[in-house]
């Protein structure tokens, strides 16, 4: 949302477009900014967050995804349809890719393939030192600040740190990761080193020399990826074959530890429940 001091940059007609229908229109705003050479610091409107409802950025989001996945698979099996339970593919971009990894860790030996486009290793907006996002449009540079209240509520950062979690996890999923050399959220070196430590992982570095409009348009975070074309390219060039099974089995229970807590992720009732215990 624009602050009062930013209003003077734009004409009355432009402000009407920016606040189309009375609300801030990000697409119109970025398009108009292309006509200027500005440096702006904006703050994301997170005023509706509270301790009961907030963007948790980690375990609960992963559990939501797992719950939805298991519900669809269970319903499909109950309705008499067959599917290959050894071909479970998770595909995500940025935070979505991070959640794919977190789901993989919470569902031992269940996920077959992860396609990771620009996934981060840790929810950077939870970190007090890295809660901003840089955006460039034309010659305008914008810094967007995110003050998620989760950073003041979450008391265990190890349980949402993928490097820490994979260090105590025997990965069985195939992982194919893509990352831009100029990613400003997770550096290419950090992502490369992260992927090196995980078995069955292929790391693809996207540079200006291998850009094409068909899949990747730039080397920044997200790389302007065409998600459908990227998925089809990965699936058409796999160097392995999926196992086959028509059996629907719930994941194995998972036990994780951090410096502060023990976590039990239990599937005995067919859905995921978890318990957090102090050491």
Roughly what angle does helix 59-78 make with the longest principal axis of the chain, taking Cα atoms, 0 to 90 degrees, to the nearest 10? 50 degrees
Which of 100, 269 comes first, and how do the rest follow, when ranked by fewest Cβ neighbours within 10 Å? 269, 100
So for 11, 219, 207, fewest C-beta neighbours within 10 Å to most, what's the order? 11, 207, 219
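Provide, as a two-decimal number, the C-alpha radius of gyration of segment 210-258 over 2.2 N^0.38 Å, N being how many residues it has. Intermediate values should be presented prior to the final figure.
Values: Rg = 17.5 Å, N = 49, 2.2 N^0.38 = 9.7 Å.
Ratio of Rg to 2.2 N^0.38 Å for segment 210-258: 1.81.
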Would you mind telling me which residue in 257, 241, 56 has the biggest mean-square fluctuation in a Gaussian network model of the chain, where springs connect alpha carbons within a distance under 10 angstrom? 241
Exposure proxy ranking, count of Cβ atoms within 10 Å, fewest first, for 36, 91: 36, 91
Reduced Cα scattering model of segment 1-89, Debye log10 I(q)/I(0), q = 0.17 Å⁻¹: -0.82
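Every number in this text was worked out from the coordinates using simple rules, so none of it is lab data. For clarity, every value in this text was computed on a predicted model and none was experimentally measured. Every residue, glycine among them, receives a Cβ derived from its backbone with ideal geometry; neighbour counts consider all protein chains shown.
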